[in-house]
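Visitor: This is the structure I want to talk about, given as structure tokens.
The values are calculated or read from the model by the stated rules, or taken from the named source; none is laboratory data. No experiment lies behind these values; they were computed from the predicted model shown. Note: ideal-geometry Cβ built from the backbone for every residue, glycine included; neighbour counts use all protein chains shown. When the accessible area is computed, the model is the full protein with side chains, heavy atoms only, and any ligands, DNA or RNA have been set aside. Shrake-Rupley method; radii C 1.70, N 1.55, O 1.52, S 1.80 Å.
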Amino acid sequence: MPDRRIVVATHNAGKLREFAEILADADTRAISAGELGLAAPEETGQTLEENALIKARLAAQRSGLPAIADDSGLFVDALDGAPGVHSANWSETPKGRDHRKAMHRLWRMLERTGACEPWSARFRTVICLAHPNGDFEFFKGSVEGRIIWPMRGYGGFGYDPIFQPDGFDRTFAQMDNVEKNQISHRAVALGKFKAACLGN
Ligand code: IMP
């Protein structure tokens, strides 16, 4: 059992699994915010950086352990970068998150622009590592690709069924976790995090 522990400040099971798989390679145990009974703070930032910092800083303060949080978003060029930092908000419903609704909204807006294919887009992620003493650092990653319609695939989470990374003819939702973890925006950011902090 690894003795290094990092709190992963997310309540998203898909992201927690991805973080845990990547951190396991660095002999570090990922502890979820849920395991520690930490509530999710309001994401009031105007940028991915601000939101990642809000989440990581709170988890580090409450747990007394280093904490990482990421904030991610899908940025579509023809929509001037929307949904971007609001990617999660677009999926909110009174019954919880519904990404099919968010993807349909994205598609309706894209159709209205009349923009021609390929609809270039990128996933961006910012990871914040926060320490209980208040220090923090950012690690960033992105993956270029395009929007696909109609949705394809059943794997992954979030906007995966409509995002096809460059160099592939399948969406993220048509890939397994191992393949996605090799190229995803979060994997790029986590790779930088591991290289800088964990000596990998
Ligand atoms: P958050 O950073 O967890 O708040 O995520 C922001 C939004 O981007 C949410 O709607 C997520 O579902 C979505 N998202 C983040 N990472 C991914 C991904 O790897 N694939 C698909 N959607 C993602």
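Visitor: Could you name the lysines in cross-link range of residue 95, using Cα to Cα under 22 Å and dropping any fewer than eight places away on the same chain?
Guide: Within reach: 15.
Visitor: Over the stretch 1-152, average the accessible area per residue using a 1.4 Å probe and give it in Å², no decimals.
Guide: Result: 51 Å² of accessible area for each residue.
Visitor: Give me log10 I(q)/I(0) at q = 0.11, 0.16, 0.22 Å⁻¹ for the stretch 1-114, Debye formula, one equal scatterer per alpha-carbon, no solvent.
Guide: -0.43, -0.81, -1.21
Visitor: Shifting gears a bit: Looking at the stretch 1-109, which GluC sites (Glu not before Pro) are in a loop (DSSP not H, G, I, E or B) and have at most 15 other Cβ atoms within 10 Å?
Guide: When the GluC sites (Glu not before Pro) of the stretch 1-109 are filtered for loop state and at most 15 Cβ neighbours within 10 Å, 35, 42 remain.
Visitor: Further question on the same structure: Separation between the residue 179 and residue 13 pseudo-spin-labels, each 7 Å from Cα along Cα→Cβ, expressed in nm?
Guide: A separation of 2.3 nm, rounded to one decimal place.
Visitor: Roughly to the nearest percent, how much of the accessible area of the chain is carbon and sulfur, given a 1.4 Å probe?
Guide: C and S fraction of accessible area: 49 percent.
Visitor: May I pose another question? Under a GNM of the chain (C-alpha, springs under 10 Å), which listed residue has the highest mean-square fluctuation: 178, 126, 85?
Guide: In the Gaussian network model the winner is 178.
Visitor: Just how many % of Cα pairs in the stretch 123-200 lie over 14 Å apart, if you round to the nearest whole percent?
Guide: 63
Visitor: Most mobile of 140, 55, 95 per a Gaussian network model of the chain (Cα springs, under 10 Å)?
Guide: With Cα springs under 10 Å in the chain, the top fluctuation among 140, 55, 95 is at 95.
Visitor: Working from the alpha-carbon coordinates of the chain, get Rg over Rh, Rh being the Kirkwood radius.
Guide: 0.97
Visitor: Suppose we flag chymotrypsin sites (Phe, Trp or Tyr not before Pro) only when DSSP calls them loop and at most 15 other Cβ atoms lie within 10 Å. Which is the longest uninterrupted stretch of the chain?
Guide: In short, 1-153.
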